[in-house]
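Visitor: Take a look at the following structure, please.
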Amino acid sequence: MIAPAGSVDRIAAALHANGLVLRGGFNFAPVDAPPTGSSGAPAAALLLVGQAGAAPWPHFLRWREQQPQAITNPLDTWSHEVIGAVAETFGARAVSPSDKPYLPFQQWAMRAEGLKPSPLGILMHPHYGLWHAYRGALLFDDELPVQAAESGPHLCDSCVEKPCLKSCPVEAYSAQGFAYQSCLAHVRGANGEPCRSGGCLDRNACPYGTAYRYPPEVQGFHMASFAAVDLIETQP
């Protein structure tokens, strides 16, 4: 069975009320071995939920003010609550990138939106650049009137200078991948304050999607979470 087209629009509107957006979707094929939907049977369709720029931030901050200060992973918790409420309303199962065992969110995103990875591993979006994220997905028992997007030109292919690989003081990103420990040590160290307060220098060097760049307080929040430090006074 295929759900009516208007249901997708209503879901988008419900997410938009919290600064979130639908990031595409598709119907599973039998060979996909999809995760289960709300009924416990293999899901028939998926809608990705995410953000473009920092639109969810004010909604998250208002929610955070009402929560205990010691709450663990507050952004994940907020995302679970918001997306879970939408899932309950529309008869879907909500899943998150942080759920274990991990689900193939990056593969789903590439399929749904036709995106490809940047040299930093973040998917390059033709409008948002690197300033977007996936917060969850909705799994449905019935097919939806959606289809996977075709891949378009990859912005990174036409970027000759690759400033995203030249701005990190410890060259954390390279053709060999992400040097996690080097990055972490630098961010936590005496010379890591620019990264702690303003975010990843390589990511900020990318020339695409700058209108959607996260404000410094948002980047500082994410960096503090990554490095397990409490250094940004403006973070919730």
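Visitor: Looking at the chain only, what percent of DSSP beta bridges run antiparallel? Nearest 5 please.
Guide: 95 percent
Visitor: Provide the net charge surrounding residue 43, with neighbours chosen by a C-beta distance below 12 Å and charges set as Lys +1, Arg +1, Asp -1, Glu -1.
Guide: Value of the local net charge: -3.
Visitor: Most exposed first by the Cβ proxy, i.e. fewest other Cβ within 10 Å, how do 96, 225, 151 rank?
Guide: Going from least to most buried by this count: 151, 225, 96.
Visitor: Let me ask you something else. Fewest to most neighbouring Cβ within 10 Å: what's the order for 86, 170?
Guide: Ranking 86, 170 by Cβ neighbours within 10 Å, fewest first, gives 170, 86.
Visitor: Can I ask one more? By the gyration tensor of its Cα atoms, with a ≥ b ≥ c the square roots of the eigenvalues, what is the shape of region 159-227: rounded for a/c under 1.5, prolate for a/b over b/c, or oblate?
Guide: Oblate, since a/c reaches 1.5 and b/c is not below a/b.
Visitor: What is the spin-label model distance, in nm, from residue 102 to residue 157 if the labels are put 7 Å beyond Cα along the C-beta direction?
Guide: Taking the simple label geometry, residue 102 and residue 157 are separated by 2.7 nm.
Visitor: Mind checking the full-extension length gain between residue 39 and residue 10? Use 0.36 nm per residue of separation minus the Cα-Cα distance, one decimal, nm.
Guide: Using 0.36 nm per residue and subtracting the Cα-Cα distance, I get 8.3 nm.
Visitor: How about residue 100: which lysines have a C-alpha closer than 28 Å to its C-alpha, ignoring those fewer than 8 places off in the same chain?
Guide: In chain and number order, the partners are 116.
Visitor: Shifting gears a bit: Checking the a/c ratio against 1.5 first, then a/b against b/c, what shape does the Cα gyration tensor give for region 27-152?
Guide: Oblate.
Visitor: Cut-off under 16 Å on the C-alpha distance; same-chain residues fewer than 8 positions from residue 166 excluded. Which aspartates and glutamates are left, in chain and number order?
Guide: 202
Visitor: Could you tell me how many degrees, from 0 to 90 and to the nearest 10, lie between the Cα long axis of helix 216-227 and the main elongation axis, the longest principal axis, of the Cα atoms of the chain?
Guide: Taking Cα atoms only, the helix is inclined about 90 degrees.
Taken together, the values in this text are just the output of simple stated rules run on the coordinates, not laboratory data. Since we're looking at a predicted model, the values are computed, not measured. Every residue, glycine among them, receives a Cβ derived from its backbone with ideal geometry; neighbour counts consider all protein chains shown.
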